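**Student:** Let me begin by handing over the structure; questions about it come next.
No value in this document is a laboratory result; all are computed from the given coordinates. Bear in mind that the values here come from a model prediction, so they are computed numbers and not experimental data. So basically every Cβ, Gly included, is an ideal-geometry build from the backbone, and we count neighbours across all protein chains shown.
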Amino acid sequence: MADHTPTLGFLLHDVARLLRKRFEQNARGSGLTRSQWQVLAYLERNQGIHQGGLADLLDVEPITLTRIVDKLEALGLLERFPHPSDRRVRLLRLTPAAHDKLIQMHRLGETTRAEALAGLSEADQRQLLATLQTLKTNLADALEGPAMKRASNG
């Protein structure tokens, strides 16, 4: 008989999917999509990044990001400005108008996180975050490891 205990990958995928869906429900009526919120959140932490770098961080195709950035620019929430030494590159930064949207987004995120973490003690919440950070670090190191070994052996 097959063991139907959820595996780490499936469980993490399901939790992430449900978090996204619940955030979307909570954000209904905000005027922005989850993808737009995500771009604002990453840009808040990476002001002045170029579009290609932001696409890499978000793990989306550059053309997909361009459409989202076009919309956010039209809404007055971000702006593109020229790179100081490369005319082909456009850098991104939030506008002052994005400030209120970010406050709203942070509140929606807090609500969604509280719903997800309901019933967990503060200590269990801290342990969960520490464990997930360890998994992230392990996987990031593993992804870099083989490429680095091939490069040094090449």
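**Student:** So if I take the centroid of the Cα atoms in the range 97-139 and the same for the range 6-24, what is the distance between those two points in Å?
**Tutor:** If you average the Cα positions of each part, the centres end up 13 Å apart.
**Student:** Another question about this same structure. Using amide H atoms built 1.01 Å from N in the peptide plane, name the residues 5+ places from Leu78, or on other chains, whose amide H lies under 5 Å from its own.
**Tutor:** Amide H to amide H, under 5 Å and 5 or more residues apart or across chains, Leu78 pairs with Glu73, Thr95.
**Student:** From the Cα gyration tensor of the chain, with a ≥ b ≥ c the square roots of its eigenvalues, which class applies: rounded if a/c is under 1.5, or else prolate if a/b is larger than b/c, or else oblate?
**Tutor:** The shape class here is oblate.
**Student:** Okay, moving on. Which length gain, in nm to one decimal place, applies between Leu129 and Leu57 when the Cα-Cα distance is subtracted from 0.36 nm times their residue separation?
**Tutor:** 23.9 nm
**Student:** With each pseudo-label sitting 7 Å past Cα toward Cβ, what's the Asp14-Gln47 distance in nm, one decimal?
**Tutor:** 4.1 nm
**Student:** Could you identify which residue out of Asn26, Asn138, Asn46 has the top mean-square fluctuation in a GNM of the chain using Cα springs shorter than 10 Å?
**Tutor:** Asn138
**Student:** Can you work out the Karplus-derived ³J(HN,Hα) for every residue in the range 31-48? Use 6.51 cos²θ - 1.76 cosθ + 1.60 with θ = phi - 60°, whole Hz, and x for glycine or proline.
**Tutor:** Running phi through 6.51 cos²θ - 1.76 cosθ + 1.60 with θ = phi - 60° gives x, 10, 7, 4, 4, 5, 4, 5, 4, 4, 5, 5, 5, 4, 8, 9, 4, x Hz.
**Student:** Let me ask something else. Roughly how many nanometres apart are two label points built 7 Å out from the Cα toward the Cβ at Asp86 and Gln104?
**Tutor:** It works out to 3.4 nm between the two label points.
**Student:** Before anything else, pin down the relative contact order of the chain: Cα pairs under 8 Å, at least 6 apart, normalised by residue count, whole percent.
**Tutor:** 20 percent
**Student:** Could you work out the helix-only [θ] at 222 nm for the chain, with each DSSP H run of four or more residues adding -39,500 (n - 2.57) and the total divided by the number of residues, to the nearest 500 deg cm²/dmol?
**Tutor:** Rounded to the nearest 500, it is -23000 deg cm²/dmol.
**Student:** For the chain, modelled as a Gaussian network with Cα springs under 10 Å, which listed residue fluctuates most, Leu129, Leu92, Leu108?
**Tutor:** Highest fluctuation of the listed residues: Leu129.
**Student:** Using a Gaussian network model on the chain with a 10 Å cutoff between Cα atoms, which of Ala55, Ala98, Ala140 fluctuates the most?
**Tutor:** Largest GNM mean-square fluctuation: Ala140.
**Student:** Enumerate the calculated ³J(HN,Hα) couplings along the range 105-115 in order (Karplus 6.51 cos²θ - 1.76 cosθ + 1.60, θ = phi - 60°), each rounded to whole Hz, writing x wherever the residue is Gly or Pro.
**Tutor:** Working through the residues one at a time gives 4, 4, 5, 4, x, 4, 4, 5, 4, 4, 5 Hz.
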